[in-house]
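Readers should treat all values here as calculations from the given coordinates under stated rules, not as data from a laboratory. All of these numbers come straight from a predicted model, not from anything done at the bench. Cβ atoms come from the backbone with ideal geometry, glycine included; neighbour counts cover every protein chain shown.
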Amino acid sequence: MALRSRRNARVFMSSPESTVVASPPAASPPSFWSSVRESLRGSHQDFTTGNLNRAILLLAIPMVLEMVLESLFAVVDVFWVGRLGADAVATVGLTESLLSLVFAIGLGLSLSTTAMVARRIGEKDPEGAAVAGVQAIILGLATSLLIGLPCVFYAPELLKLMGASPQVVAAGSGYARIALGGGGAIMMLFLNNAIFRGAGDAAIAMRLLWVSNIINLILDPCLIFGLGPFPKLGVTGAALATFTGRSIGVAYQFYRLLDGSERIRILRRQLHVNFTVLFRLLRVSLTGILQFAIAHTSWIGLVRIVSIFGSDALAGYTIAIRIVIFIILPSWGLSNAAATLVGQNLGAKQPERAEAAVWRTGLYNMIFLGLVGVAFVLFATPIVKLFTSDPEVIPLAAACLRIVSYGNIGYAYGMVMLQAFNGAGDTVTPTIVNLFGFWLCEIPMAYLLAIPAGLEARGAYYSIVVAEALIAGVSIILFKRGYWKRQKI
């Protein structure tokens with residue numbers, strides 16, 4: 001690590017004659033652009049020492065880009081599916097809301113994996129980090145089978161339960177079968193990247209998503225519209241393209257974990273069940289899964305309320321939320337950087353450095369999402385028109401995008417604080433906060449504003465803003481209390 005100040009020249013007496021020898025000047029601190037290049041290559045720095053701003057930069061850039069790439073799956077799909085009409089977009093929206101349960105389990109397992117791997121790396125125990133990673137993979141594979149197989153057979157019934165019209169069920173059953181049945185690819189993508197992030201190898205996670213997204217970008221229009229030798233599968237083609245891209249990404253992840261990186265490598269002798277570590281990981285994961293299940297199932301509740309007002313309202317909501325996700329996932333990358341720094345610095349017995357990392361990351365996130373929110377409020381309609389030309393859907397999507405963006409600043413701080421708790425291994429606090437914010441505030445308010453108050457779908461959008469503001473405020477208060485610093489994992 002470069003020195004932050006220059007040393008004074010020193011005088012050494014090497015002989016009876018005095019000889020003045022100046023020590024070589026210290027190296028200048030790395031420039032911003034050299035740090036950016038290092039972060040993209042993969043940094044080999046110890047994130048428990050040195051300049052904190054640089055540590056945040058080295059971790060955040062690849063994590064933000066990783067989340068940008070993950071969000072491209074959603075945006076690319078809705079960009080092409082939007083050409084097929086409101087029913088096709090509604091199919092994507094309903095299926096995505098059901099997939100939120102898969103996301104909840106995957107994210108719950110991922111956050112505990114990141115926390116445990118980061119803690120072991122901070123303790124300078126790469127062997128323990130690899131063992132934790134193997135147990136996470138075992139849990140992920142087992143869960144993928146338990147969820148995926150039933151979804152393959154009952155996808156149409158699940159769409160009906162979500163309020164889909166007969167036309168949407170007919171057009172979207174194939175999409176739902178592949179997207180829901182192949183949810184294991186999403187889960188393993190999350191889990192393996194959580195291992196890399198916890199170890200500080202964020203650049204690897206970023207690069208493998210480049211591979212997945214390039215495949216998805218190529219296959220999406222080919223399989224949807226039947227370009228060249230590919231069959232014309234309509235909305236089903238979007239699911240198949242995404243599943244193919246993600247599956248190849250997962251295969252590359254396994255290769256890199258077994259081949260080894262600078263910080264973590266899984267050896268053949270570690271490929272077995274370690275019940276002590278597995279149960280410890282499962283204990284933390286259960287509250288983590290519940291935490292994200294509470295958050296993601298609230299989206300199912302919102303979709304169910306919005307679907308009451310027809311396919312156009314549901315299509316507008318789907319497009320707007322996909323655009324919001326495109327921005328929020330990069331912001332989530334900043335939050336993941338904070339979680340890694342918290343885990344590693346707590347492992348290195350430096351809780352004050354961990355706390356400082358969270359406050360700084362929260363500030364950077366607030367600036368980023370605040371500027372994005374202003375852009376979305378001012379240019380909501382032109383942005384929505386990039387994804388649909390339906391004159392009935394455009395104003396509904398623009399209204400959703402504009403309203404949800406009002407809550408960006410609160411959401412920015414809230415997500416960083418909650419991820420800080422998770423990075424410390426305290427998954428209980430965010431679970432309670434989410435239960436309060438989403439199910440005791442957001443869903444009841446969405447129903448009251450949408451139906452009794454007569455605001456229709458806009459009522460659901462306003463409830464999102466209020467709930468996120470409350471979650472941010474409560475999270476900041478609880479973070480200041482500092483219980484998370486004493487968490488054992």
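Distance between the pseudo-spin-label points of residue 436 and residue 279 (7 Å out from Cα toward the beta carbon): 3.2 nm.
Over the chain, DSSP H runs of length four or greater, each weighted -39,500 (n - 2.57), average out per residue to a 222 nm ellipticity of -26000 deg cm²/dmol. Ordering 94-104, 229-239 by mean Cβ neighbour count within 10 Å, with the highest value first, yields 94-104, 229-239.
Computed about its Cα centre, the charge dipole of segment 83-148 is approximately 80 debye, with only Lys, Arg, Asp and Glu carrying charge at their Cβ. Bridging of residue 385 to lysines at a Cα separation below 28 Å is possible for 232, once same-chain residues fewer than 8 apart are set aside. Listed from fewest to most Cβ neighbours within 10 Å, the set 353, 246, 197, 283 follows the order 283, 353, 246, 197. Each residue of segment 237-246 was assigned a 3J(HN,Hα) from its phi angle through the Karplus expression (A = 6.51, B = -1.76, C = 1.60, θ = phi - 60°), giving x, 5, 5, 5, 5, 5, 4, 5, x, 5 Hz with x at Gly and Pro.
Of all lysines in the structure, the ones whose alpha carbon falls short of 23 Å from that of residue 485, not counting any fewer than 8 places away in one chain, are 124, 349.
Exposure proxy for 153, 196, 254: other Cβ atoms within 10 Å of each Cβ, ordered fewest to most, give 153, 254, 196. Around the Cα centre of segment 51-486, unit charges on the Cβ atoms of Lys, Arg, Asp and Glu (plus for the first two, minus for the last two) sum to a dipole of about 1100 debye. In the chain, the longest principal axis of the Cα atoms and the axis of helix 457-481 are about 20 degrees apart. Helix 166-181 and the long axis of the chain differ in direction by around 30°, with both axes built from C-alpha atoms.
Placing +1 on each Lys and Arg Cβ and -1 on each Asp and Glu Cβ, with no other charges, gives segment 277-398 a dipole about its Cα centre of roughly 500 debye.
Which of 409, 364, 89 sits closest to the plus end of the dipole of the chain, meaning its Cα is farthest towards the positive end, when Lys and Arg get +1 and Asp and Glu get -1 on the C-beta? Of 409, 364, 89, it is 364. Residue order for 485, 480, fewest other beta carbons within 10 angstrom first, comes to 480, 485. Mind running the shape call on segment 358-489? Use the C-alpha gyration tensor, a ≥ b ≥ c as the square roots of the eigenvalues: rounded below 1.5 for a/c, prolate if a/b tops b/c, oblate otherwise. Verdict is oblate for segment 358-489.
Summing +1 for each Lys or Arg and -1 for each Asp or Glu among the other residues whose beta-carbon sits under 12 angstrom from that of residue 179 gives 0.
Can you tell me the 0 to 90 degree angle between the C-alpha axis of helix 202-225 and the longest principal axis of the chain, rounded to 10? Here the helix axis deviates by roughly 20 degrees.
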